[in-house]
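Notes to accompany the following structure.
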Amino acid sequence: MVTLANNHIYDYGQTGLLDTLMTLHESGLAYVGAGNDLPQAQTTFYITVNGVRLAIINVAEVEFSCANSSHGGAHAMDLIGDLRRIREARDHVDHVLMIIHGGHEYYHYPSPGMLTRYRFYAESGVSAIIAHHTHCMGAYEIYKGVPIFYSLGNFFFPAIHKAYPPLWHEGYAVLLRLTRRHVGFDIMPYEQCKDGAFVIDGTRSDILLEELQSISKLLSDAGQIDVEWREFTSRRAECYLTRIAGLGQWPTRILRKMGGLRFMYRRRQLNAVRQMIRCEAHREVACAVLSDYLDHTGTG
């Protein structure tokens, strides 16, 4: 089977989505995490393997690809809805597996919010959590007996048009070993599509495993994770601030060279935007207003 919840499943709209689902159906491949409407996208997949009853819940962080009341797409992450599905599944199976598409690109660690959310899922009855999206190997941990893999890295992703950093070519697979009462796992690191070769190579797996374990050790140090997060957000500051200010690529470059970029960020405006993002009531209204405006206007 395949898991379909990701940020690109709706790139070609409803037609492309339906074509994907039909192709899987004709090939005899089961799927989870997307559907041609919202209820189908949110459906949990159930299967029994060698007497072990499994439920698989597949979600993606909320992006343009997610299903809503108007069209199909990916199963959007929603803590309340996800918790209900986890509780419902736990009544019927031995294990609930959660596959999540999310995280920050080129960042080895979970954000503070991601750490809280995934550990909450673990506390709510999930037996194992596997995430992907970041294009690099992410840390892993065993939290209260539940293995959480914050990012597998790329599986098979040729760098055709430009050179990518070494981390682009590094990833790992997880082999879960399940009995009715126990979850074990093996980690299998590899390099993929390195130096233009269309192959998956496990020659350096021992070295990559050491790197992964070194990355993962930081999860036990909340202070160091906070330091890493602050450094990451500092590197991303200009990108987010220029988008909020409505500046394009070339004006940003010119203003940066002239040393005038910081004068384009109006504190009152940024404070208002921050309040709309962090306040639940304002965020709900802002999302509704923006969605309605963008869906019903043809402006660029």
Filter the range 148-196 down to the residues that are free of Cβ contacts under 8 Å to residues at least 40 places away in the same chain and β-branched (Val, Ile, Thr) and list them by number.
ILE148, ILE160
Within the range 1-39, can you find the residues that are surrounded by 13 or more Cβ atoms within 10 Å (Cβ to Cβ), part of a loop (DSSP other than H, G, I, E, B) and of a type in the set (Ser, Thr, Tyr)?
TYR10
For the subset of the range 199-232 comprising residues that are polar (S, T, N, Q) and assigned to a helix (DSSP H, G or I), which member is surrounded by the fewest Cβ atoms within 10 Å (Cβ to Cβ)?
SER220
Given (1) of a type outside the set (Val, Ile, Thr); (2) open to solvent by less than 50 Å² (accessible area, probe 1.4 Å); (3) under 25 Å from MET114 (Cβ atoms), number of the condition MET276 does not satisfy
(2)
Take HIS75 and tell me if it is within 15 Å of the chain's Cα centre (by Cα) and either touching a residue at least 24 places away in the same chain (Cβ under 8 Å) or open to solvent by less than 20 Å² (accessible area, probe 1.4 Å) (or both).
yes
Kindly indicate which of PHE64, PHE45 is more than 23 Å from MET114 (Cβ to Cβ) and touching a residue at least 12 places away in the same chain (Cβ under 8 Å).
PHE45
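The values are calculated or read from the model by the stated rules, or taken from the named source; none is laboratory data. What you are looking at is a predicted structure, and each value in this text was computed from that prediction instead of being measured. Note that we place each Cβ from the backbone using ideal geometry, even for glycine, and neighbour counts take in every protein chain shown. Just the protein is used for accessible areas: all its heavy atoms, side chains included, with ligands, DNA and RNA removed. Shrake-Rupley method; radii C 1.70, N 1.55, O 1.52, S 1.80 Å.
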